[in-house]
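Enquirer: Supplied in structure tokens, the structure appears directly below.
The values are calculated or read from the model by the stated rules, or taken from the named source; none is laboratory data. Computed from a predicted structure; not experimentally measured. Backbone-built Cβ (ideal geometry, glycine too); neighbour counts: all protein chains shown. With ligands, DNA and RNA removed, areas are computed over all heavy atoms of the protein, side chains included. Shrake-Rupley method; radii C 1.70, N 1.55, O 1.52, S 1.80 Å.
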Amino acid sequence: MAKSKSKLVCRECGYETVKWMGKCPSCLTFDSFDEELLIVAKKSSPVLKIVPTSLQNIEENSKKRMIMNLAELDRVLGGGLVKGSMVLVGGDPGIGKSTLLLQVCQTIDQQLSVFYVSGEESLAQIGIRAKRLKIESTSLLLANETNLERVCLHIEINKPSIAIVDSIQTMYSEELTSVPGSANQLRHATLRLMQVAKKIGTAIFLIGHVTKEGSIAGPKILEHMVDTVLYFEGDKSSSFRILRAVKNRFGSTNEIGVFEMADHGLIEVSNPSLRLLSGRNNDSIGSCVMPTLEGTRPIMIEIQALVCATAFGMPRRMATGVDNKRVTMLLAILEKVLGYKIYNCDAYINIAGGIKITETACDLAILAAIASSFTNQPINHKVVIIGETGLTGEVRAVSYINQRINEAERLGFTKAIVPLANELDAKAASSKMTIIPVDNIKKALKMIL
Ligand code: TYD
Ligand code: MG
């Protein structure tokens, strides 16, 4: 008689083992193993069901895109949603994933049918939200369901143009013994839904909550299976939200969509720079503007710094929206290269609007904001500062200088401090702006303070 076989699978990372372990050797999580029964497939001889076809005979998928009529979302998807594709929308709980996809039900062409399956909220709760979002779509079908087999059956019977599964973590299959949300359940549910999507041509949006580590639970295990992975990010304290493509089989991953969470749902922000600079005071001390790149899209951000004498023995350094270690390094450069006595000062850095920046092209602007606060001198509000800073105080070249300069010019800035190595490209990008090339931070600060 054949033995029933089982394996243990880590619910966080999908690591598999046959021996019980208290701690996963892959992701180092304690007590994370679930037992799974192995399903042994029956052996069968292969039958040729699929006839190979030539490239010319393949219908062009890109022609069959469904337009969401939300320009920011369409852009991130690469020009609309491809029929039969699977899109994973990840993000922190409460960031607005369900709101975004419920709004899609209203904005899309009303000839397209949508099936919204929620495993998280009751139909009454969705009804209240839909009322708040003023959704009156007649082609929208809703169901409160967590059983994967029944969800697949619903999709196969109703054949909607778009199905929204909120969230993939709540779906469970009776074929598996593991609990909902475990790595095995997630993988199985995604695979089953993928088969349904490809079979009947329904495009599926999967909503996925992000774990503490910042990846979709369990980490990364779904990303390789789906066609497109979008992350919905933002600071909970700010209303600004960014939709970012991290994988897209049908478009570029360099696109972002910008939204703002308001009382009646998400509003598209087609001019994020203007929105981010709207509350800015002219010529204020410790404030500096720079065009940062989000994907290929330049966005003007305001960097603010506050440097003041420390009240206690240990100076505090706090950075919001920018890496703390990078700020500590820039403070050290200011001390060493320019002789600023910052060692007995508290320093606070903030990016206005709850935006997060990771690129080093912001170094010089952060330095300038700190220097402005430290010396109590304002920076002219019509100046932008772009450049990466090295440890010896040199200013290094940045990428896409022309896009950055164009955006600054569009928003009415008149002067740009740029790295010497970018001088020619910057001058070619704008005839109206005064371009000041600099090769070290001393020169840069002399030009603005
Ligand atoms: P939600 O879409 O439920 O988040 P997720 O599905 O990602 O978990 O968004 C919930 C948050 O959005 C909640 O904190 C309230 C806020 N919100 C608004 O500010 N305005 C609105 O119109 C709606 C519907 C939600
Ligand atoms: Mg939700």
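Enquirer: Go through (1) within 16 Å of ligand 2 (Cβ to nearest atom); (2) in contact with a helix residue (DSSP H, G or I) (Cβ under 8 Å, 6 or more places away or on another chain) and name the single condition Lys97 misses.
Expert: (2)
Enquirer: Does Leu420 satisfy the criteria of being under 24 Å from Ile370 (Cα atoms), open to solvent by 50 Å² or more (accessible area, probe 1.4 Å) and in the same structural domain as Ala361 (by TED's automatic domain parsing)?
Expert: Here the answer is yes, as Leu420 does meet what is asked.
Enquirer: Of (1) within 22 Å of the chain's Cα centre (by Cα); (2) in contact (Cβ under 8 Å) with a residue 60 or more places away in the chain, Lys83 satisfies all except one. Which?
Expert: For Lys83, the failing item is (1).
Enquirer: Can you name the condition, by its number, that Val76 falls short on among (1) part of a helix (DSSP H, G or I); (2) β-branched (Val, Ile, Thr); (3) surrounded by fewer than 21 Cβ atoms within 10 Å (Cβ to Cβ)?
Expert: Result: Val76 fails condition (3) only.
Enquirer: Can you go through Ser182, Ser137, Ser173 and tell me which one is within 16 Å of ligand 1 (Cβ to nearest atom), surrounded by 15 or more Cβ atoms within 10 Å (Cβ to Cβ) and either touching a residue at least 24 places away in the same chain (Cβ under 8 Å) or of a type in the set (Asp, Glu) (or both)?
Expert: Only one candidate passes the filter, namely Ser137.
Enquirer: Right, next: Could you identify the single residue in Tyr340, Tyr348 that is among the aromatic types (Phe, Trp, Tyr), closer than 28 Å to Ser239 by Cβ and more than 16 Å from ligand 2 (Cβ to nearest atom)?
Expert: Tyr348
Enquirer: For region 105-143, give me each residue that is among the small types (Gly, Ala, Ser), touching a helix residue (DSSP H, G or I) at 6+ places or on another chain (Cβ under 8 Å) and within 14 Å of ligand 2 (Cβ to nearest atom).
Expert: Within region 105-143, Ser118, Gly119, Ala130 qualify.
Enquirer: With the checklist (1) of a type in the set (A, V, I, L, M, F, W, C); (2) over 13 Å from the mean Cα position of the chain (by Cα); (3) modelled with pLDDT under 90 in hand, flag the one item Ile256 doesn't pass.
Expert: (2)
Enquirer: With a cut-off of at least 2 residues that are more than 20 Å from Ser273 (Cα to Cα) and more than 32 Å from the chain's Cα centre (by Cα), name the helices (runs of 4 or more DSSP H) lying wholly within region 357-447. Spell out the reasoning first.
Expert: Details: elements: 363-375, 401-410, 423-429.
Correct list: 363-375, 423-429.
Enquirer: Consider Leu293 carefully, then state whether it is hydrophobic (A, V, I, L, M, F, W, C), farther than 22 Å from Arg404 by Cα and either more than 16 Å from ligand 2 (Cβ to nearest atom) or in contact with a Leu (Cβ under 8 Å, 6 or more places away or on another chain) (or both).
Expert: no
Enquirer: Now for a different question. Acidic (Asp, Glu) and either on the phi > 0 side of the Ramachandran plot or without any contact (Cβ under 8 Å) to a residue 40 or more places away in the chain (or both): is that true of Glu407 in this structure?
Expert: When the stated conditions are applied, Glu407 does not pass them.
Enquirer: Still on this structure: Out of everything in region 93-122 that is of a type in the set (A, V, I, L, M, F, W, C) and within 15 Å of ligand 1 (Cβ to nearest atom), what residue ends up being surrounded by the fewest Cβ atoms within 10 Å (Cβ to Cβ)?
Expert: Ile95
Enquirer: Can you name every residue in region 275-296 that is without any contact (Cβ under 8 Å) to a residue 60 or more places away in the chain and buried (at least 16 other Cβ atoms within 10 Å of the Cβ)?
Expert: Residues satisfying the conditions are Glu294, Gly295.
Enquirer: Of the conditions (1) open to solvent by 10 Å² or more (accessible area, probe 1.4 Å); (2) touching a Gly at 6+ places or on another chain (Cβ under 7 Å); (3) at pLDDT 95 or above; (4) aliphatic (A, V, I, L, M), Ala397 fails just one. Which one is it?
Expert: Only one criterion in (1) open to solvent by 10 Å² or more (accessible area, probe 1.4 Å); (2) touching a Gly at 6+ places or on another chain (Cβ under 7 Å); (3) at pLDDT 95 or above; (4) aliphatic (A, V, I, L, M) is unmet by Ala397, namely (2).
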